[in-house]
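Okay, structure first, notes after.
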Amino acid sequence: MIDKDWIFVLGAQDPEMREIEKTLVAAGFTCLHAAHRGRRCSAQTAYLADGVVKVGPDGVPRPAVLQPRAPAVFVECGIAGRAPALRVDHHHPGDPGYEMPAERFLDGSSLGQVLRLLEREPTETQRLLAAGDHCLTAAYQGACPGVDPGELLFLRAAWQAKMSGRTLSDVVEGILDAAERVRAHHDSEFGESRFFDPTCVPRDLAEGAAYAGLPVRYRALLPDGVLKEMIKGAGLEHIERFMSEHEAAGRQAYGNPYRGYAGAYWPAG
């Protein structure tokens, strides 16, 4: 059981984390944000945090302090030198949701775990958010109980439209077009669709691949000059092969074979 004096430290912002914070604040809990060098962590730095900040509605991070004796729940993040009283996560071995299958997506997702701590039942929107974050490809294929793939597509496309400034119809068309391109590029020998030229990757590729229900492997050039290769929507052995291949080549790799995704980085230069 948790009391109102427990502090929640939140990792990188995404639709699921946004809903987690909204739910916690409405329930009267204090939320801080994991920070790296004074700024709220991104997905790449969420487990390299060196402190916390408080990000207000204006998006500005302000200095904050996580009191040493305060019981803290870390949600998809880690802070150097500080162990949490509880961890809410599904990214790494040992996390509560790491090995959870699609049919138990609420137990697997971080949003579902937070709702369990609060002893609350999920709303329909929360079920969609949890399924989409924990096991998107499976959710689009109807493998998550109580989750309608059509409603999931609408929710995720609406969020993408809001964040990108595109129209909803443009996003939906982009996802459906990407799904068709993934089907056309599927290589039965490798069991995946490959898009290795970062300049030719369809804008909605990852979402389209999940909607198509096929594994996709692609590369992106990050702003700092780092080349990132990703695979999504694949099975356990497929993901393990991908990670082993890159680790054997001396590259930093991450992923969760149980959730069907992995990535690896080439150093800049």
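The values are calculated or read from the model by the stated rules, or taken from the named source; none is laboratory data. Bear in mind the structure is a predicted one, so any value in this text is a computation, not a measurement. All Cβ positions, even for glycine, are placed from backbone atoms using ideal geometry, and neighbour counts span all protein chains on display. Surface areas here come from the heavy atoms of the whole protein model, side chains and all, with no ligands, DNA or RNA. Shrake-Rupley method; radii C 1.70, N 1.55, O 1.52, S 1.80 Å.
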Item to check | Among G78, G94, G59, residue whose mean-square fluctuation peaks in a GNM of the chain (springs only between Cα atoms under 10 Å) | outcome: G59
Checklist entry - For the residue pair F154 and E121, what label-to-label distance in nm results when each label sits 7 Å from Cα along the Cα-to-beta-carbon direction? => result 2.2 nm
Checklist outcome for this item: A chain fully extended from A184 to Y254 at 0.36 nm per residue, minus the present Cα-Cα distance, gains in nm 22.4 nm
Item to check | Virtual paramagnetic centre 7 Å along Cα→Cβ of R18, amide N under 11 Å, in segment 161-205 | outcome: 161-165
Checklist outcome for this item: Diffing segment 250-266: the Karplus 3J(HN,Hα) column from phi (6.51, -1.76, 1.60, θ = phi - 60°), in whole Hz with x for Gly and Pro, holds x, 9, 6, 10, 9, x, 9, x, 6, 9, x, 9, 6, x, 8, 10, 9
Next on the checklist: Computing the accessible area with a 1.4 Å probe over protein heavy atoms, can you report the carbon and sulfur percentage for the chain?
Outcome noted: 53 percent
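Just to be sure I follow: if Rg is taken over the C-alpha atoms of segment 167-252 and Rh is the Kirkwood radius over the same atoms, what is Rg/Rh?
Values: Rg = 13.5 Å, Rh = 13.6 Å.
Rg divided by Rh gives 1.00.
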Checklist entry - Considering only protein heavy atoms, what per residue accessible area in square angstrom results for segment 174-261 with a 1.4 angstrom probe? => result 50 Å²
Checklist outcome for this item: Of all DSSP beta bridges having both residues in the chain, the percent classed as antiparallel (nearest 5) is 65 percent
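What's the longest uninterrupted piece of the chain once you rule out the GluC sites (Glu not before Pro) that are loop residues per DSSP with at most 11 other Cβ within 10 Å?
The segment 1-118 is the longest one with no such site.
Give me the accessible area per residue for segment 1-70, probe 1.4 Å, as a whole number in Å². Don't skip to the answer; put the middle values down first.
On the way: 3960 Å² over 70 residues.
I get 57 Å² per residue for segment 1-70.
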Checklist entry - Residue by residue through segment 187-204, which ³J(HN,Hα) values in whole Hz follow from phi under the Karplus form 6.51 cos²θ - 1.76 cosθ + 1.60 (θ = phi - 60°), with glycine and proline marked x? => result 9, 5, 5, 9, x, 7, 9, 10, 9, 8, 8, x, 7, 10, 7, x, 4, 10
Checklist entry - Modelled label-to-label distance, K162 and K4, 7 Å Cα→beta-carbon offset: nm? => result 2.8 nm
Checklist outcome for this item: Output row, site L222, 7 Å Cα→C-beta label point, backbone N cut-off 20 Å, window segment 234-257, residues 242-257
Checklist outcome for this item: Calc'd 3J(HN,Hα), segment 39-53, phi into Karplus 6.51 cos²θ - 1.76 cosθ + 1.60 (θ = phi - 60°), Hz, glycine/Pro = x, comes to 10, 4, 5, 9, 4, 6, 10, 4, 9, 10, 4, 10, x, 9, 9
Item to check | Most mobile of V216, V25, V88 in a GNM of the chain (Cα contacts under 10 Å) | outcome: V25
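How high is the relative contact order of the chain, in percent, counting Cα pairs under 8 Å that sit 6 or more residues apart? Working shown, then result.
Working: 531 pairs, mean separation 30.2, N = 269.
Relative contact order comes out at 11 percent.
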Checklist entry - Once amide H atoms are placed 1.01 Å from N in the peptide plane, what residues at a sequence separation of 5 or more from Q252, or on another chain, have their amide H within under 5 Å of its amide H? => result Y265
Checklist entry - What is the spin-label model distance, in nm, from A26 to R62 if the labels are put 7 Å beyond Cα along the C-beta direction? => result 2.4 nm
Checklist outcome for this item: Within segment 1-90, DSSP-loop trypsin sites (Lys or Arg not before Pro) with at most 16 other C-beta atoms within 10 Å are K4, R37, R69
Next on the checklist: How large is the translational diffusion coefficient of segment 18-175 in µm² per second when you combine the Kirkwood radius over alpha carbon pairs with Stokes-Einstein at 10 °C and 1.306 mPa s?
Outcome noted: 94 µm²/s
